[in-house]
Structures are given as C-alpha cells and as structure tokens.
Amino acid sequence: MKIEKVDVLPCHMPQSDPKWRFSIHANRISKGWLVEITADDGTVGYGYASATRHMGANSEGLKGTLDDFARLLVGRDPFDIEDILATLDHHLKGMNQAKAAIDCALYEIVSRSLRIPLYKMIGGKRRTELPVMRVLSLKKPAEMAMMGRKLVDAGYKHIKIKVDGRWALDAARVKAIREEVGSDIRLIIDANQAYKPKDAILLATKVVDYGVEIFEQPCKSDDYAGLKLVTQNSPIPTEADESAGSVHEVMQLVTNRIVDMVSLKVPKLGGLRNTIAAARICEAGDIPCRLGAHVGPRLLTAQAMHVAASLPNLSFACEFGEFVRLQNDITEGVENVDGFVRVTTEPGSGARLRADAQIQIEEAEKTEAAG
Ligand SMILES: [Mg+2]
C-alpha cells in the first residue's frame, strides 16, 4: 500500500458560547486543520491538527508545516508508522500538533484497511465506556454555577472549573458551583498557569473542603520548582497539563515527581503513539494519568478515546465532551450520552466526515483565501 495524496482541509469551529474563555485566551473560533491521507487502494484516514497557541501552534504555522510534511508522505507505505514519524521528527523539531494529525490519520488508515477498530492496533480495549468530564468557562460565580447545573441535568458527573489566579474570586466560584451541583458531583480546578506557587497553595487550602479532587496546572508550565512546591504543600493533588507538552517533559515530571498526576492530550504530545508512550512513563512512575480536553472535531475525541479505552492506568475522567460546545463539526461518529462516551467497534476510530462536510470545507476555503 502507498500514500497517493495528502490534503489539508480547514476545520475552524466557532464556540457556541462566544464568551467562552480560560485564563490565557478567549478563542472565539477553535482553529485547526484536517489532514486527509488517501492510499492507492482508496482507503482514507483523517487526523486533526489543533491550533493551540498557548502550546506553540497557530493556524498559519500549522498549515505551512502540514503542506511541508505532505511532500514527505506521498509514496510511503502508511503501515510504516514508526518510520514515517521518524522522518517527520528528523525533518522538523517540535510542531507536535501537525505530527499528531499525521500519526492519527495513519493509524486510521491502517485500522480501516485491516477492518479492525483502532483499539485493536494498540493492545485491545480494557473498557468500553468512559465517563466524560466537562469544562466550565471562566465567568462570574453565579453564572458558572448555573452552567454547572445544566451539565449535571444533562447527566455529567465530573466538572472541571476554570480559575484565573484571583484566589478569593476563584474560591467563590468553587463554592457557588458546589452548592448548586450537590455533593455527588466530582470537581476539579484548572488555572492554566495563572497562579504563583504560594497563592496556589492558599487557594487549595480554601477549596479542599468543597471536595475539589485535582488542581490542574496551577503555575507556569516551565516552573517545575514552583509546581513541586505546590505539589508538596497543597492538600489537593496537583496535575500537569501545559507542563506536559511532550513525552520528554512527561518523563521529567514523573521521574522528579514534580506533580501528582498528568493530563495527556493527543495534539500536544504528537499523536496516539506518543500519548501511549507518555502513559507508559506515568505507569512506570506510579503517577496517575488521564486524557484532557480534546478541543476540536468529534474525530479527535474518537481517536483519543481508543487510546483511553486501552490504557491500564487511566484515572478519574477524560475530557471527551468539548466538541459539544463547538459549531460546524465536519465529522461525526461519537456522542456524549448520559455523561459517557462509548467506544465503537467499527473499523478505525468510528469517526467519519459528515455528508455535508464538502460544502463546509469549500466555504471555509473561500474564507481562508479571502484572508
Ligand atoms: Mg488544562
């Protein structure tokens, strides 16, 4: 089998809530690209490249990199996943989000071609359904409590509360949400690096009695000493997200016990293969891990879900529902039902292009061309 053609398609998705924001950005549109790899027997695989600016990938840079990578893929055997990824790593350091799209598309082609679900390529599944944690945008405490109520009414039992570094306001957010959703709902907080270490410890002591179970990325991503200080002094387990931006960084975090937990994401780590490698490092260090927010089309969640289904050391809940808050998804094949996603047994990830995708892609291409 040979790769015949690689196309890079726009996949920009507006937020349903135009005021959705976290402590670093308020992205009105969640930008990214869909890589479409076609093999000479007609098998097609898709992967999503996520333009996550705070992880070093913008939309324009990704497009250029993907076009560059496309030239290296044509003529290669898509079953040679390791060799192809080694070629990309040799060609360009970093740009994990672009590499992730290609890695995912290759896994998709191979599993579709073998007519097996993707999880069978990576060790088989250990679970068929996964509880979904949904994320609450930064807003005033009462508004966040109301949004939390809607999530609970929709069946979700895990909620992540975005916080922004103002400890008194953040504590008020947690209090309002806990009082609204009741004691059965599991809560975590995510500061996206907004805190100085000692203020993070102060917030943790203020909200621990509200049953907050994880404090995600309290401090700057490269402030390992600060993170470790929080880990050693916070009554709430500390989790790395932005700090865990590569397999190498995950190894540093685990071996030096900088955090108590790690949030893994397919785009930032560079694909399914690297996400599994990072999970194995966590397993070896007895550090729990889970899959964090996969913000983008349903395709991205579907592919990440197969990894989550296969991991032995998965902890807490994965953020596999953020596609719900994005519009104009050109893919389908996974949905949240009563707070869970379920792994399909179709060939590949089970995600596919929607019947009307071509119309949306052409519209988006016109918008791109118009600048
Ligand atoms: Mg995070």
In degrees between 0 and 90, to the nearest 10, how far off the longest principal axis of the chain does helix 298-310 point, with axes built from Cα atoms? 80
Under Karplus coefficients 6.51, -1.76 and 1.60, residue-wise ³J(HN,Hα) of the stretch 342-355 in Hz, glycine/proline x: 10, 7, 8, 10, 5, x, x, 7, x, 8, 8, 6, 5, 4
Summing -39500 (n - 2.57) over every DSSP H run of at least 4 residues in the chain and dividing by its residue count gives a helix-only mean residue ellipticity at 222 nm, to the nearest 500 deg cm²/dmol, of -12500 deg cm²/dmol
Near the amide H of Gly32, under 5 Å away, which other amide H atoms are found, from residues 5 or more places off or on another chain, if H is placed in the peptide plane? Cys11, His12, Met13, Ala51
Which whole-Hz ³J(HN,Hα) couplings does the stretch 250-266 yield from phi under the Karplus relation 6.51 cos²θ - 1.76 cosθ + 1.60, θ = phi - 60°, glycine and proline marked x? 4, 4, 4, 5, 6, 5, 9, 6, 6, 9, 8, 8, 9, 9, 9, 9, 4
For the stretch 121-352, would you read off the P(r) tail past 25 Å as a percentage of all alpha carbon pairs? 38
Spelling it out for Leu264: with amide H atoms placed in the peptide plane at 1.01 Å from N, the residues 5 or more places away or on another chain with amide H under 5 Å from its amide H are Arg290, Leu291, Gly292
Along the stretch 119-136, Karplus-curve 3J(HN,Hα) (6.51, -1.76, 1.60; θ = phi - 60°) to the nearest Hz, with x for Gly and Pro, reads 4, 6, 7, 10, x, x, 9, 9, 8, 9, 9, 10, x, 9, 9, 9, 10, 9
Show the residues, 5+ positions off or on another chain, whose built amide H is closer than 5 Å to the amide H of Ile116. Gly348
Let me know the charge dipole size of the chain about its Cα centre in debye, to the nearest 20, where only the beta-carbon of Lys, Arg (+1) and Asp, Glu (-1) is charged. 900
Separation of the stretch 47-87 and the stretch 206-271 by C-alpha centroid, Å? 27
Neighbour-count ranking [beta-carbon atoms within 10 angstrom, fewest first] of Tyr48, Tyr107: Tyr107, Tyr48
On Cα atoms only, tilt of 59-73 relative to the major axis of the chain in degrees: 40
Might you list the cysteines of the chain that have no disulfide-compatible partner by the rule of another cysteine's Cβ under 4.7 Å? Cys11, Cys104, Cys219, Cys318
How far, in degrees from 0 to 90, does helix 272-284 lean away from the longest principal axis of the Cα atoms of the chain, to the nearest 10? 40
For the stretch 284-371, would you read off the P(r) tail past 22 Å as a percentage of all alpha carbon pairs? 36
Straight-line reach from Lys139: which aspartates and glutamates have Cα under 19 Å away, leaving out those fewer than 8 places along the same chain? Asp17, Asp164, Asp170, Glu179, Glu180, Asp190, Glu216, Glu322
Which pairs, out of Lys198/Lys228; Lys5/Lys265; Lys99/Lys265, put more than 20 Å between their alpha-carbon atoms? Lys5/Lys265
Most exposed first, judged by fewest Cβ atoms within 10 angstrom, Arg257, Arg352 run Arg257, Arg352
What ranking of Met305, Met95 emerges when the number of other C-beta atoms within 10 Å of each C-beta is taken as an exposure proxy, fewest first? Met95, Met305
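Values quoted throughout were computed directly from the atomic coordinates according to the rules given, and no laboratory measurement underlies them. Just so we're clear, the structure is a prediction, and the values are computed from it rather than from any experiment. Here the Cβ is made from the backbone with ideal geometry for all residues, glycine too, and neighbour counts use every protein chain on show.
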